[in-house]
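Have a look at the structure below before the remarks.
The values are calculated or read from the model by the stated rules, or taken from the named source; none is laboratory data. Remember, predicted model here, so these are calculated numbers, not experimental data. Here the Cβ positions follow ideal geometry from the backbone for every residue, glycine too, while neighbour counts run over all protein chains shown. Surface areas here come from the heavy atoms of the whole protein model, side chains and all, with no ligands, DNA or RNA. Shrake-Rupley method; radii C 1.70, N 1.55, O 1.52, S 1.80 Å.
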Amino acid sequence: MITAHQPVMVDEAITYLITIPDGIYVDGTLGTGGHSLEICKNLGPKGGLICIDVDRASIGLAEQRLSPYRDRTRIVRESYVDLDKVLQHAGIDKVNGILLDLGLSSYQLESSGRGFSFLKDEPLDMRMDQDKGITASELINTVSTGRLEEFLWTYAQETWARSIARAIEGERRKGPIRTTRQVARLVEKTIPLRHHPRKIHPATKTFQALRIAVNGELQNIADFLEKAPLLLVTGGRLAVISYHSLEDKLVKQAFRQQRGDTRYPRKLPTPPESGPFLMKALTKKGLRPSQAEVNANPRSRSAIMRVGERV
Ligand code: SAH
(Lines give C-alpha, C1' and ligand atoms only; values in the text may rest on other atoms or scores of the structure.)
Protein backbone atom coordinates (compact mmCIF):
# COMPACT_ATOMS: atom_id res chain seq x y z
CA MET A 1 0.00 0.00 0.00
CA ILE A 2 1.30 3.38 -0.89
CA THR A 3 0.89 6.02 1.76
CA ALA A 4 -1.05 9.00 0.47
CA HIS A 5 1.00 12.08 1.08
CA GLN A 6 -1.00 14.80 2.80
CA PRO A 7 0.06 18.11 1.30
CA VAL A 8 1.26 20.53 3.97
CA MET A 9 -0.27 24.02 4.42
CA VAL A 10 -2.15 23.57 1.20
CA ASP A 11 -4.81 26.27 1.79
CA GLU A 12 -2.17 28.82 2.71
CA ALA A 13 -0.11 27.87 -0.33
CA ILE A 14 -3.06 28.28 -2.72
CA THR A 15 -4.14 31.58 -1.19
CA TYR A 16 -0.72 33.14 -1.56
CA LEU A 17 0.35 31.52 -4.80
CA ILE A 18 -2.59 32.00 -7.12
CA THR A 19 -2.95 35.69 -7.84
CA ILE A 20 -4.56 35.23 -11.27
CA PRO A 21 -6.54 32.00 -11.89
CA ASP A 22 -5.65 32.05 -15.58
CA GLY A 23 -1.94 32.44 -14.94
CA ILE A 24 0.92 29.99 -15.38
CA TYR A 25 2.26 28.36 -12.21
CA VAL A 26 5.07 26.01 -11.26
CA ASP A 27 5.13 23.28 -8.65
CA GLY A 28 8.89 22.71 -8.36
CA THR A 29 8.54 19.72 -6.02
CA LEU A 30 5.65 17.72 -7.45
CA GLY A 31 6.09 14.67 -5.21
CA THR A 32 2.93 12.59 -5.50
CA GLY A 33 0.98 15.63 -6.60
CA GLY A 34 -0.83 16.76 -3.45
CA HIS A 35 -0.23 20.47 -3.91
CA SER A 36 -0.45 20.28 -7.70
CA LEU A 37 -3.89 18.70 -7.54
CA GLU A 38 -5.19 21.55 -5.36
CA ILE A 39 -3.56 24.16 -7.58
CA CYS A 40 -5.27 22.63 -10.63
CA LYS A 41 -8.65 22.77 -8.89
CA ASN A 42 -8.14 26.48 -8.31
CA LEU A 43 -7.01 27.42 -11.81
CA GLY A 44 -9.22 29.12 -14.35
CA PRO A 45 -9.93 27.67 -17.81
CA LYS A 46 -6.79 29.24 -19.26
CA GLY A 47 -4.54 28.57 -16.31
CA GLY A 48 -1.60 26.16 -16.51
CA LEU A 49 0.70 24.30 -14.17
CA ILE A 50 4.21 23.04 -14.79
CA CYS A 51 5.11 20.23 -12.41
CA ILE A 52 8.70 19.30 -11.72
CA ASP A 53 10.35 16.52 -9.76
CA VAL A 54 13.53 14.46 -10.03
CA ASP A 55 12.00 11.28 -8.65
CA ARG A 56 10.79 9.00 -11.43
CA ALA A 57 8.57 6.91 -9.17
CA SER A 58 6.86 9.93 -7.61
CA ILE A 59 6.19 11.38 -11.04
CA GLY A 60 4.51 8.13 -12.07
CA LEU A 61 2.15 8.33 -9.10
CA ALA A 62 1.47 12.02 -9.59
CA GLU A 63 0.69 11.52 -13.28
CA GLN A 64 -2.19 9.23 -12.37
CA ARG A 65 -3.59 11.62 -9.80
CA LEU A 66 -3.35 14.58 -12.12
CA SER A 67 -4.78 12.81 -15.15
CA PRO A 68 -8.13 14.66 -14.95
CA TYR A 69 -6.14 17.85 -15.47
CA ARG A 70 -3.96 16.60 -18.29
CA ASP A 71 -4.94 19.53 -20.51
CA ARG A 72 -3.56 22.11 -18.12
CA THR A 73 -0.52 20.40 -16.63
CA ARG A 74 2.90 19.63 -17.98
CA ILE A 75 4.99 17.21 -15.94
CA VAL A 76 8.76 17.36 -16.32
CA ARG A 77 11.46 15.22 -14.75
CA GLU A 78 14.12 17.79 -13.96
CA SER A 79 15.65 19.53 -10.99
CA TYR A 80 13.84 22.67 -9.92
CA VAL A 81 17.27 24.29 -10.06
CA ASP A 82 16.94 24.07 -13.84
CA LEU A 83 13.55 25.77 -13.94
CA ASP A 84 14.96 28.43 -16.27
CA LYS A 85 15.77 25.73 -18.84
CA VAL A 86 12.43 24.01 -18.35
CA LEU A 87 10.58 27.26 -19.05
CA GLN A 88 12.77 28.08 -22.01
CA HIS A 89 12.07 24.66 -23.46
CA ALA A 90 8.34 25.23 -23.01
CA GLY A 91 8.58 28.65 -24.65
CA ILE A 92 7.54 30.43 -21.47
CA ASP A 93 9.30 33.62 -20.42
CA LYS A 94 7.94 34.22 -16.93
CA VAL A 95 5.36 32.65 -14.65
CA ASN A 96 2.83 33.95 -12.10
CA GLY A 97 3.86 31.81 -9.18
CA ILE A 98 6.25 29.09 -8.02
CA LEU A 99 5.79 26.69 -5.13
CA LEU A 100 8.56 24.67 -3.50
CA ASP A 101 7.66 22.14 -0.83
CA LEU A 102 11.06 21.00 0.41
CA GLY A 103 12.02 17.87 2.27
CA LEU A 104 10.70 14.51 1.21
CA SER A 105 7.29 13.00 0.67
CA SER A 106 5.56 10.34 2.74
CA TYR A 107 5.81 8.14 -0.31
CA GLN A 108 9.60 8.46 -0.38
CA LEU A 109 9.88 7.99 3.36
CA GLU A 110 7.53 5.09 3.74
CA SER A 111 7.18 3.24 0.45
CA SER A 112 10.01 4.05 -1.92
CA GLY A 113 12.38 1.42 -0.51
CA ARG A 114 15.27 3.82 -1.05
CA GLY A 115 16.56 4.10 2.49
CA PHE A 116 15.12 7.40 3.69
CA SER A 117 13.77 6.00 6.96
CA PHE A 118 15.65 4.75 10.00
CA LEU A 119 12.56 2.75 10.92
CA LYS A 120 13.05 0.36 8.02
CA ASP A 121 15.75 -1.93 6.83
CA GLU A 122 16.48 -0.87 3.29
CA PRO A 123 19.46 -0.32 1.01
CA LEU A 124 21.12 2.95 1.96
CA ASP A 125 20.48 4.94 -1.20
CA MET A 126 18.69 8.21 -0.31
CA ARG A 127 18.93 9.74 -3.77
CA MET A 128 15.86 11.72 -4.76
CA ASP A 129 16.88 11.19 -8.39
CA GLN A 130 17.36 7.46 -8.91
CA ASP A 131 19.67 8.02 -11.87
CA LYS A 132 22.10 10.64 -10.63
CA GLY A 133 24.91 11.02 -8.15
CA ILE A 134 26.27 8.74 -5.48
CA THR A 135 24.22 6.84 -2.92
CA ALA A 136 24.38 7.42 0.83
CA SER A 137 26.09 4.04 1.09
CA GLU A 138 28.82 5.08 -1.35
CA LEU A 139 29.20 8.36 0.49
CA ILE A 140 29.39 6.88 3.95
CA ASN A 141 31.91 4.24 2.89
CA THR A 142 34.26 6.56 1.05
CA VAL A 143 34.47 10.07 2.51
CA SER A 144 36.98 10.92 5.23
CA THR A 145 35.93 10.87 8.86
CA GLY A 146 36.50 14.63 8.93
CA ARG A 147 34.01 15.16 6.11
CA LEU A 148 31.48 12.86 7.76
CA GLU A 149 31.76 14.83 10.96
CA GLU A 150 31.38 18.06 9.04
CA PHE A 151 28.23 16.81 7.29
CA LEU A 152 26.68 15.68 10.58
CA TRP A 153 27.47 18.97 12.24
CA THR A 154 26.66 21.45 9.46
CA TYR A 155 23.62 19.69 8.02
CA ALA A 156 22.00 18.57 11.26
CA GLN A 157 23.81 20.17 14.20
CA GLU A 158 24.42 16.68 15.54
CA THR A 159 26.38 17.24 18.76
CA TRP A 160 27.67 13.67 18.60
CA ALA A 161 29.05 14.24 15.10
CA ARG A 162 32.62 13.27 15.94
CA SER A 163 31.71 10.10 17.81
CA ILE A 164 29.31 9.01 15.08
CA ALA A 165 31.86 9.71 12.34
CA ARG A 166 34.43 7.64 14.20
CA ALA A 167 31.97 4.82 14.80
CA ILE A 168 31.18 4.79 11.09
CA GLU A 169 34.87 4.59 10.31
CA GLY A 170 35.28 1.66 12.69
CA GLU A 171 32.29 -0.12 11.21
CA ARG A 172 33.26 0.30 7.58
CA ARG A 173 36.70 -1.12 8.28
CA LYS A 174 34.91 -4.38 8.99
CA GLY A 175 32.97 -4.19 5.75
CA PRO A 176 30.89 -1.74 3.71
CA ILE A 177 27.84 -0.18 5.32
CA ARG A 178 24.93 -0.91 3.05
CA THR A 179 21.67 -0.66 4.96
CA THR A 180 19.63 1.85 6.94
CA ARG A 181 19.46 -0.55 9.86
CA GLN A 182 23.25 -0.67 10.13
CA VAL A 183 23.40 3.12 10.40
CA ALA A 184 20.45 3.38 12.79
CA ARG A 185 21.95 0.73 15.12
CA LEU A 186 25.38 2.31 14.98
CA VAL A 187 24.03 5.71 16.00
CA GLU A 188 21.86 4.20 18.74
CA LYS A 189 24.93 2.51 20.19
CA THR A 190 27.23 5.51 19.79
CA ILE A 191 25.07 8.11 21.52
CA PRO A 192 24.95 7.15 25.21
CA LEU A 193 21.46 6.10 26.22
CA ARG A 194 21.03 8.95 28.70
CA HIS A 195 21.69 11.39 25.85
CA HIS A 196 19.15 9.89 23.47
CA PRO A 197 16.72 12.61 22.44
CA ARG A 198 13.31 12.19 24.01
CA LYS A 199 11.01 13.02 21.14
CA ILE A 200 12.93 11.85 18.11
CA HIS A 201 14.87 8.73 17.16
CA PRO A 202 18.59 9.12 17.91
CA ALA A 203 19.42 8.59 14.22
CA THR A 204 17.08 11.35 12.98
CA LYS A 205 19.83 13.91 12.60
CA THR A 206 22.29 11.50 11.01
CA PHE A 207 19.70 10.54 8.40
CA GLN A 208 18.89 14.19 7.73
CA ALA A 209 22.57 15.05 7.27
CA LEU A 210 23.18 12.12 4.91
CA ARG A 211 20.13 12.97 2.82
CA ILE A 212 21.11 16.63 2.51
CA ALA A 213 24.67 15.67 1.54
CA VAL A 214 23.63 13.03 -1.00
CA ASN A 215 21.20 15.35 -2.75
CA GLY A 216 23.08 18.63 -2.41
CA GLU A 217 19.86 20.00 -0.97
CA LEU A 218 21.09 23.27 0.49
CA GLN A 219 23.11 24.14 -2.59
CA ASN A 220 20.04 23.45 -4.73
CA ILE A 221 17.91 25.78 -2.65
CA ALA A 222 20.52 28.53 -2.72
CA ASP A 223 21.00 28.27 -6.48
CA PHE A 224 17.28 28.24 -7.08
CA LEU A 225 16.58 31.25 -4.87
CA GLU A 226 19.03 33.25 -6.89
CA LYS A 227 17.34 32.48 -10.20
CA ALA A 228 13.69 32.28 -9.25
CA PRO A 229 12.87 36.01 -9.01
CA LEU A 230 13.95 36.51 -12.62
CA LEU A 231 11.44 33.88 -13.73
CA LEU A 232 8.46 35.62 -12.11
CA VAL A 233 6.28 38.35 -13.57
CA THR A 234 5.95 41.52 -11.50
CA GLY A 235 3.55 40.65 -8.68
CA GLY A 236 4.31 36.94 -9.15
CA ARG A 237 4.84 34.93 -5.98
CA LEU A 238 7.36 32.45 -4.72
CA ALA A 239 6.12 30.29 -1.84
CA VAL A 240 8.57 27.99 -0.10
CA ILE A 241 7.71 25.46 2.60
CA SER A 242 10.79 24.47 4.64
CA TYR A 243 11.17 21.73 7.22
CA HIS A 244 14.30 22.65 9.13
CA SER A 245 16.13 25.81 10.10
CA LEU A 246 18.92 25.50 7.52
CA GLU A 247 16.41 25.55 4.69
CA ASP A 248 14.38 28.31 6.25
CA LYS A 249 17.45 30.45 6.84
CA LEU A 250 18.26 30.43 3.14
CA VAL A 251 14.72 31.39 2.21
CA LYS A 252 14.57 34.09 4.84
CA GLN A 253 17.82 35.60 3.62
CA ALA A 254 16.66 35.60 0.02
CA PHE A 255 13.58 37.60 0.96
CA ARG A 256 15.29 39.90 3.38
CA GLN A 257 17.61 41.99 1.34
CA GLN A 258 15.03 43.81 -0.67
CA ARG A 259 13.64 47.17 -1.28
CA GLY A 260 10.96 48.01 1.18
CA ASP A 261 12.59 46.14 4.04
CA THR A 262 13.57 48.93 6.38
CA ARG A 263 16.14 46.82 8.18
CA TYR A 264 18.18 46.86 5.03
CA PRO A 265 20.29 50.02 4.66
CA ARG A 266 18.45 52.13 2.13
CA LYS A 267 21.48 53.77 0.65
CA LEU A 268 23.04 50.58 -0.66
CA PRO A 269 22.73 50.47 -4.42
CA THR A 270 20.27 47.90 -5.68
CA PRO A 271 21.80 45.78 -8.43
CA PRO A 272 19.19 45.77 -11.19
CA GLU A 273 19.15 42.09 -12.01
CA SER A 274 20.33 40.43 -8.84
CA GLY A 275 17.77 37.90 -7.70
CA PRO A 276 17.10 38.55 -4.03
CA PHE A 277 16.79 42.29 -4.44
CA LEU A 278 13.73 41.74 -6.56
CA MET A 279 11.66 40.06 -3.88
CA LYS A 280 9.45 41.59 -1.24
CA ALA A 281 8.58 39.33 1.70
CA LEU A 282 4.82 38.96 2.20
CA THR A 283 5.19 36.87 5.34
CA LYS A 284 7.60 38.66 7.63
CA LYS A 285 7.82 35.91 10.21
CA GLY A 286 6.87 32.94 8.08
CA LEU A 287 3.59 31.05 8.39
CA ARG A 288 3.14 27.97 10.53
CA PRO A 289 0.54 25.23 10.10
CA SER A 290 -2.53 25.42 12.32
CA GLN A 291 -2.71 23.22 15.40
CA ALA A 292 -5.50 21.26 13.72
CA GLU A 293 -3.24 20.49 10.76
CA VAL A 294 -0.35 19.43 13.00
CA ASN A 295 -2.69 17.09 14.85
CA ALA A 296 -4.01 15.60 11.64
CA ASN A 297 -0.66 15.41 9.84
CA PRO A 298 2.48 15.13 11.95
CA ARG A 299 4.69 15.75 8.92
CA SER A 300 3.50 19.38 8.99
CA ARG A 301 4.85 19.86 12.53
CA SER A 302 8.13 21.48 11.53
CA ALA A 303 6.84 23.32 8.44
CA ILE A 304 7.34 27.01 7.90
CA MET A 305 6.14 28.78 4.79
CA ARG A 306 7.55 32.01 3.44
CA VAL A 307 6.17 33.91 0.51
CA GLY A 308 7.95 36.54 -1.54
CA GLU A 309 6.51 38.76 -4.27
CA ARG A 310 8.41 39.93 -7.31
CA VAL A 311 8.56 43.73 -7.25
N1 SAH B 1 4.17 18.77 -2.41
C2 SAH B 1 4.35 17.37 -2.69
C3 SAH B 1 5.39 16.71 -1.80
C4 SAH B 1 6.78 17.22 -2.04
S5 SAH B 1 7.99 16.33 -1.17
C6 SAH B 1 3.00 16.66 -2.53
O7 SAH B 1 2.06 17.28 -2.05
O8 SAH B 1 2.89 15.50 -2.90
C9 SAH B 1 9.42 16.97 -1.94
C10 SAH B 1 9.66 16.48 -3.35
O11 SAH B 1 10.74 17.25 -3.88
C12 SAH B 1 10.08 15.03 -3.46
O13 SAH B 1 9.20 14.34 -4.31
C14 SAH B 1 11.48 15.10 -4.08
O15 SAH B 1 11.74 14.07 -5.01
C16 SAH B 1 11.46 16.43 -4.77
N17 SAH B 1 12.77 17.04 -5.00
C18 SAH B 1 13.83 17.05 -4.18
N19 SAH B 1 14.84 17.72 -4.74
C20 SAH B 1 14.39 18.15 -5.95
C21 SAH B 1 14.98 18.90 -7.00
N22 SAH B 1 16.21 19.37 -6.92
N23 SAH B 1 14.24 19.16 -8.09
C24 SAH B 1 12.95 18.70 -8.18
N25 SAH B 1 12.35 17.98 -7.22
C26 SAH B 1 13.08 17.71 -6.12
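Remarks
- Neighbours of residue 38 by Cβ distance under 13 Å: Lys/Arg scored +1, Asp/Glu scored -1, total -2.
- Over the stretch 1-67, volume per residue of the alpha carbon convex hull, in Å³: 80
- C-alpha long axis of helix 217-227 to longest principal axis of the chain, angle in °: 20
- Nearby lysines by direct alpha-carbon distance to residue 132 (threshold 26 angstrom, same-chain neighbours under 8 apart not counted): 85, 120, 205, 227
- Rg in Å to one decimal, and Dmax rounded to a whole Å, for the chain via C-alpha atoms: 20.2, 61
- Compared with the dominant principal axis of the Cα atoms in the chain, helix 145-156 is inclined by about 40°.
- Each other residue within a Cβ distance under 13 Å of residue 51 adds +1 if Lys or Arg and -1 if Asp or Glu, for a net charge of -2.
- Couplings for the stretch 231-239, taken from phi via the Karplus curve 6.51 cos²θ - 1.76 cosθ + 1.60 with θ = phi - 60°, read 9, 9, 6, 4, x, x, 10, 10, 10 Hz in order; Gly and Pro are left as x.
- Taking a Cβ cut-off of under 11 Å around residue 237, the surrounding Lys, Arg, Asp and Glu residues balance to a net charge of +2, with basic ones at +1 and acidic ones at -1.
- With q set to 0.24 Å⁻¹, the log10 of I(q)/I(0) for the stretch 82-173, from the Debye formula over equal scatterers at the Cα positions, is -1.25.
- The mean sequence distance of close C-alpha pairs (under 8 Å, at least 6 residues apart), as a share of the length of the chain, puts its relative contact order at 18 percent.
- When the helices of the chain are scored as -39500 (n - 2.57) per DSSP H run of n ≥ 4 and the total is divided over every residue, the value at 222 nm lands at -11000 deg cm²/dmol.
- Only Lys, Arg (+1) and Asp, Glu (-1) charged, at Cβ; the stretch 113-215 dipole about Cα centre in debye: 380
- Selected from 147, 178, 114 as most flexible by GNM, with the chain as the system and alpha-carbon contacts under 10 Å: 147
- The residues of the chain expose on average 49 square angstrom of accessible surface per residue, using a 1.4 Å probe on protein heavy atoms.
- Furthest towards positive pole of dipole, 31, 86, 102, structure part the chain, Cβ charges: 102
- In degrees, nearest ten, helix 180-190 long axis to first principal axis of the chain (Cα): 60
- The aspartates and glutamates within cross-link reach of residue 284, meaning a Cα-to-Cα straight distance under 13 Å and a gap of 8 or more places when in the same chain, are 248, 261, 309.
- Within the chain: Cβ-based charge dipole about Cα centre, in debye rounded to nearest 20 (Lys, Arg +1; Asp, Glu -1): 960
- Per-atom-type breakdown for the stretch 113-215 gives carbon and sulfur 50% of the accessible area (1.4 Å probe, protein chains only).
- Within the stretch 95-122: backbone nitrogen closer than 16 Å to the residue 282 label point (7 Å, Cα to C-beta): 95-101
- Taking 7 Å steps out from each Cα toward its Cβ at residue 163 and residue 56 produces label points 4.1 nm apart.
- Gain in span if fully extended, residue 142 to residue 311, counting 0.36 nm per residue against the direct Cα distance: 56.2 nm
- Computed with the Debye formula from one identical point scatterer per Cα of the stretch 113-215, without solvent, the log10 of I(q)/I(0) at q = 0.10, 0.12, 0.15 Å⁻¹ comes to -0.23, -0.33, -0.52.
- The value of relative contact order for the stretch 67-147, using C-alpha pairs under 8 Å at least six residues apart, is 11 percent.
- Across the stretch 84-198, C-alpha contacts under 8 Å between residues 6 or more apart give a mean separation that, scaled by the residue count, equals a relative contact order of 22 percent.
- Placed amide H near residue 95: partners under 5 Å, 5+ positions off or other chain: 232, 233
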